[in-house]
Amino acid sequence: MTTIRKYYYGDFGESASGSENSEINAINKMHPSSVGHDWPLWEIFIRSKQGLDHKHVGSLHAADAQMAIENARDVYTRRQEGVSIWAVESKYIHASNPDEAGSLYDPANDKAYRHPTFYDLPDALKHM
């Protein structure tokens, strides 16, 4: 009976000691079913040819930043629409709590001067 081995990105084939058990253990460790536990989650941002800003397009698991960028290229830029890819490990992203939005944005409510409701605008400004 023939044994079929599956290799995934990052597999190195036979280990330095030549032991098949250690090779199998290395492959099992990198198997996609364990990816969610071993590989970190990366947030992917793509800059399109028409824009100057990067937009969040999705998330993926990868062993390192280079692998995240290569996988993002394959998954999120199939039609060659991107000119730049950012991969940010999710653990480095900090966000505000939506439940605390009232207290977070409350100080801006008392700054009415930021809105042009108190100013007389010249007629030449049509798109303000």
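Per-residue Cβ neighbour counts within 10 Å put Thr77, Thr117 in the sequence Thr117, Thr77, beginning with the fewest. A convex hull fitted around the alpha carbon atoms of segment 63-104 yields 123 Å³ per residue.
Counting Cα-Cα pairs of segment 39-111 in 5 Å increments starting at 0 gives whole-percent bin shares of 3, 16, 21, 16, 12, 11, 9, 8, 4, 1.
The numbers here are math on the coordinates, done by the rules we state, and not lab data. What you are looking at is a predicted structure, and each value in this text was computed from that prediction instead of being measured. Positions of Cβ are backbone-derived with ideal geometry, glycine not excepted, and every protein chain shown enters the neighbour counts.
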